[in-house]
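Comments concern the structure below.
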Amino acid sequence: MPKVLRHTFLTLVVGWTGSWSGLACADDSSFSLAAQRYRQGDFREAAALFADCLVDDQHGTAAHFYLAECQMQLGEYGAARDIYRNLLGASENSFEAQALFRAGEAAWLSGHVAEAQVALQRFVREHPHDRSAAYAFTYLGDLAIEVEKLLDEAAGLERDGRFDGALAAYHELIDRGQASSLRAEALRRGARLHQRLNQYPEARRLFEQLLREFPTSPHAAESIAGLASIHDSEGKTSKARTRRRELVAKFPQSAQAPEAAYWLARAAADEKDSAPAAQYVAWLLDELETRESPTARQRQLWAQAVCLQCQLAAAEKRWQVVEETAAGALEQLPQGTDQVRVEFWLAEAEFRTGRLDEARSRFGQLEERTVGIVEAWVAMVPLRRAQLAARRQQWTEVLRLVERIDREHPYFPLQVEVDYLRGRALAGRGEMIAAREAYGRVLNSDATDDSETAAMAQWMIGETFFHQRDYAQARAAYLAVIERQAFSDWQARAALQVGKCWELENRWDEAQAMYLQALERWPGAVPEPQLQARLKWAESRTNTRR
């Protein structure tokens, strides 16, 4: 028995001496003899005598209490605990206060620490002026120290990688049932460790338990974030979003709220639901700008939110907004990956708005700055550089860049654009067969079904035959654009080239018919002026022949 318990027990015995004297004078030789044996320290004999008195209406309650006292002295704490607990529910119990206090002691000594805390806290609450209240407070302090020590030991086991031992210690603390900050901490640490070990059902149960028992705890926001992450890992995206919305709504000032808002914005953006995505991004940027000392992760979230804001504006072709957003953010970002991401959006805005010299310069700088960054968007840098080089007919540079994409980004989603550029570069170098092979890969890709890139590639195949003066093959390729594609400008361009093929074969009637058909079928198309000019020329040649 710990010293503090021994001291308390002896004090109680001295305090209750008067009661023992009264009992000894009672006209009950069995009870009196039991008391005498107790005073003599013969606790085993006293316990047997008190047990015989249990059915006595006059001394039944006292006999129960003092039997438990004997068992405490004999170290039979579990048996004593049961008796004290039964006494707490007895009517007309003059031992209520003593039984409650001793129930707490017995519970602690028998290993039921949570029960001990509950009993002792109830004792000091209901009997604050009892002579044993000071000892109860001492016990509660010792219990808190013991719990804190166990929590530290569990944390040490976790740091050492002894996860089973750490979890056992956390669950021991949790099972004690005492509502306290240390219990909340045990729930939090246990849940996080289970999550770290991919033990999602156990982690989810502890996070949910923490939220039920401590809904306003400083750990509540972290628990909701943990549940959202677990739902994501389990593929339950709808539940994950519900938890994140709850987190942002209930704990907007928490450390976890910005992260939740970012992922809600990302999810909405992925589903092309731009309104809520924009709302969460705006909230996130405003919230982070008001925080005096943002963490490194929160600064990263701010940069990512800026990129997402650019992405949302780009999806709506608001390139001026993209440029203004990116340019403003660059001034606030330190050198690093986040700054490079934002600068990409600035370069993209320059490219899309036709500021090609500025875009060419910025993408050139990004080529070096993206080295070592393994993210999907990085492949766009050499792709844009290749497209800009193609505008200047720098075919060797185009091939160098597309080969770099092949080598460094073998699963690039825009591979059809790469093959299209490869075809143009090869054709520009006069390698027509290789060019057609590259265009063929574009047409055979599932990614180009019903796309403008497919129409362009088919048209370029016609161009390769045209430049080789194989007009029959060229005509067939151009007709495939007209018959299989659905982009009026390219269909009209193809019709123009078909007409030219007929012209070069001196078949002016067929050329005239093709030009007329194109002008009727695609009025307002880009090549309309050329079609009108070629029609007049074909008509003049026809009239001349007649």
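Only the coordinates and a few stated rules stand behind these numbers; no lab work does. This structure is a prediction, so every number in the text was calculated from the model and none was measured. Counting neighbours? That spans all protein chains shown, and the Cβs are built from the backbone with ideal geometry, glycine included.
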Tilt, helix 528-545 to longest principal axis of the chain (alpha-carbon atoms), in degrees rounded to tens, equals 20 degrees
If N is the residue count of segment 198-316, its Cα Rg over 2.2 N^0.38 Å rounds to 1.08
Rounded to two decimals, the Rg over Rh value of segment 337-416 from Cα coordinates and the Kirkwood Rh reads 0.94
Over all viewing directions the Cα convex hull of segment 125-184 casts an average projected area in nm² of 4.4 nm²
Filtered pair list for the chain (Lys only, Cα < 22 Å, 8 or more apart or interchain) has a length of 7
Between N198 and K239, the FRET efficiency computed from the C-beta separation at R0 = 22 Å comes out, to the nearest 0.05, as 0.80
The farthest towards the positive end of the charge dipole of the chain, of the residues V371, W302, A34, given +1 on Cβ of Lys and Arg and -1 on Cβ of Asp and Glu, is V371
Of the convex hull enclosing the alpha-carbon atoms of segment 290-357, the direction-averaged projected area in nm² is 4.8 nm²
Each label sits 7 Å from Cα toward the beta-carbon; between E403 and N86 the label points are separated, in nm, by 9.3 nm
Ranked from fewest to most other Cβ atoms within 10 Å of their own Cβ, M514, M460, M432 fall in the order M432, M460, M514
Ratio for segment 450-546, C-alpha Rg to 2.2 N^0.38 Å, reads 1.02
Listed with the fewest Cβ neighbours within 10 Å leading, E202, E348, E287 appear as E202, E287, E348
Along principal axes, largest first, the alpha-carbon spread of segment 294-440 in whole Å comes out as 58, 28, 24
Computed for the chain: size of charge dipole around the Cα centre, +1 on C-beta of each Lys and Arg, -1 on C-beta of each Asp and Glu, debye to nearest 20, value 2380 debye
Taking the square root of 5λ for each eigenvalue of the C-alpha gyration tensor of the chain, the equivalent ellipsoid has semi-axes, largest first and in whole angstrom, of 90, 21, 19
Computed over segment 405-504, the convex hull of the Cα set has an average projected area, in nm², of 6.1 nm²
Mean Cβ-within-10 Å packing, highest first, puts peptides 364-377, 385-398, 269-282 in the order 385-398, 269-282, 364-377
Under the 7 Å Cα-to-Cβ spin-label approximation, E368 and R392 lie apart by a distance in nanometres of 1.7 nm
